[in-house]
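What follows is a single structure, written as structure tokens, with notes after it.
The values are calculated or read from the model by the stated rules, or taken from the named source; none is laboratory data. Model, not experiment: these values are computed from the prediction. We place every Cβ from the backbone using ideal geometry, glycine too, and count neighbours over all the protein chains shown.
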Amino acid sequence: MPRILKTPYMNAVVPPISVSSAYYFRDTEEFRRYKEGELSGGRYGRYDNPTWLEAEAQLAIMEGAEAALIFPSGMSAVSNTVCALAQQGDSILYTGCAYRNLRTFFNEHMSRFGVKAHAIDQANVDQFNTDFSRLYDPETCSLVFIEMPSNPHMYLVDLDYIRSVIDPERTRIIVDSTFASPENFQPLRHGADLVLHSCTKYLGGHGDFLAGCVCGDAETIEKIQLYRNVSGAVSDGMSAFLLSRSLSSLPLRMAHFNKSGLAIATALEANPMVSRVYYTGLESHPHAALARRYLTGHGGVLSFELDCGKDEVTRFVDALEVPFMGTNFGSHHAMVEQCAEFTYYKLSGEERADIGITDTLVRMTIGLHDPALILDDIDRALKIARSMPGVVPMKAAATAPRIARTGSQVGQFSI
Ligand SMILES: *Cc1c(COP(=O)(O)O)cnc(C)c1O
């Protein structure tokens, strides 16, 4: 429970937002009672904030964890967790198709402190398991970092297998399940020690703040918290409040994403102009069998390849009227990107090929729109990309949010 001093109006349905950088004590005796745990309350804003505690308690419950911590971004949740737990000389094994900045953090920054990270490609499940067993050294490996589902292909790993080969005394399994949210995947119930999220995505859900979190056993979380006290990677009261407010509607929002995501993925798969769809809810996904074991829903991000050249894909993305062109996912906004031209533009062609980012790969997050609106938009844009005759502007274009980009964001939401 959040530790809150007795103040007026504590019967508010929505707890007050705390933005105080410091907390006061009436006298030394009162502080003594605080030190001895007789009095609840805060001491200084880098250590304590009741609005964080509220969000952290909600997150712990959602993940079935003993405790949780929030951070100002997903990357700070990752970097603080790893820095709190890794020692010089340790090795870390991680999923090779993981988030781009995560790879940079491991390869360029942790390496400076004598921590060696090895990426393992997770596109092929058997190959991943073989490589994992070969590279796993119980003497040095303190952390296994798994992004699951991966972005943008939604690759999964066999957590049970990993659990069975590691030494649990020596090695912790951390799962970044941002792509699934706690609604669709519960890594702690499948043998992970810690679960981590970029709350900027589904958990925040409105595209209006950045945050991150880590959830796990109380002892490990306390260790990470002591590091957070020193690193100073703390959220602010307002972001913590926005997160806490958003968590209450997560089940409803995910129900929309799961249902509409599957409907759109199924329709795309049947479209002859689409050559491939990566969505774990489809039987055609290479990891569909693992998806049945670990996931209870598949969310609102779809990656697909078009059956055409790179320039036609660019024309397709540019012709879409509903989604914003940009990165981010999990909010009520629909967004789209041609991956090679957008998120991965700094990588060489060879580096992109290594992680499966082809020139024709598109990632779309569907927002809270009626799926029929998204599908109409896709159909129309595909015809424009192929220069097919008879394409008419969208019926719904007048109310589609991309049109209103400079004004109020009035969209057509199905919930
Ligand atoms: C976005 C993202 C992150 C980074 O989160 P930020 O909040 O942007 O710092 C980490 N992991 C995954 C899987 C993500 O999608």
(request) Please find, among Thr104, Thr81, Thr95, the residue that is under 21 Å from the mean Cα position of the chain (by Cα), closer than 20 Å to Arg228 by Cα, β-branched (Val, Ile, Thr) and outside the structural domain of Arg352 (by TED's automatic domain parsing). (result) Thr81
(message) One residue is enough: does the range 97-105 have a residue meeting the conditions among the aliphatic types (A, V, I, L, M) and free of Cβ contacts under 8 Å to residues at least 40 places away in the same chain?
(response) no
(request) With the condition kept exactly as written, say whether any residue in the range 52-69 is assigned to a loop (DSSP other than H, G, I, E, B) and free of Cβ contacts under 8 Å to residues at least 60 places away in the same chain. (result) no
(request) Would you point out the residue of the range 176-205, among those that are hydrophobic (A, V, I, L, M, F, W, C) and either in contact with a Phe, Trp or Tyr (Cβ under 8 Å, 6 or more places away or on another chain) or assigned to a loop (DSSP other than H, G, I, E, B) (or both), that is farthest from the ligand (Cβ to nearest atom)? (result) Ala192
(message) If a residue must be exposed (fewer than 13 other Cβ atoms within 10 Å of the Cβ) and of a type in the set (Ser, Thr, Tyr), how many such residues does the range 13-45 contain?
(response) 4
(message) Here's a check for you: in the range 58-101, which residue that is at pLDDT 95 or above and among the aromatic types (Phe, Trp, Tyr) is nearest to the ligand (Cβ to nearest atom)?
(response) Phe71
(request) Any chance you could count how many residues in the range 314-339 are closer than 24 Å to Gly281 by Cα and in a helix (DSSP H, G or I)? (result) 2
(request) Please specify each residue of the range 351-389 satisfying the condition of being assigned to a loop (DSSP other than H, G, I, E, B) and among the hydroxyl-bearing types (Ser, Thr, Tyr). (result) Thr358, Thr360, Ser387
(request) Tell me, yes or no, whether the range 137-151 has at least one residue that is free of Cβ contacts under 8 Å to residues at least 60 places away in the same chain, more than 16 Å from the ligand (Cβ to nearest atom) and in contact with a Cys (Cβ under 9 Å, 6 or more places away or on another chain). (result) no
(request) Tell me, yes or no, whether the range 237-248 has at least one residue that is away from the ligand (no atom under 16 Å from the Cβ) and more than 30 Å from Ala57 (Cα to Cα). (result) no
(request) Return yes or no: is Leu290 surrounded by fewer than 22 Cβ atoms within 10 Å (Cβ to Cβ), in a helix (DSSP H, G or I), touching a helix residue (DSSP H, G or I) at 6+ places or on another chain (Cβ under 7 Å) and aliphatic (A, V, I, L, M)? (result) yes
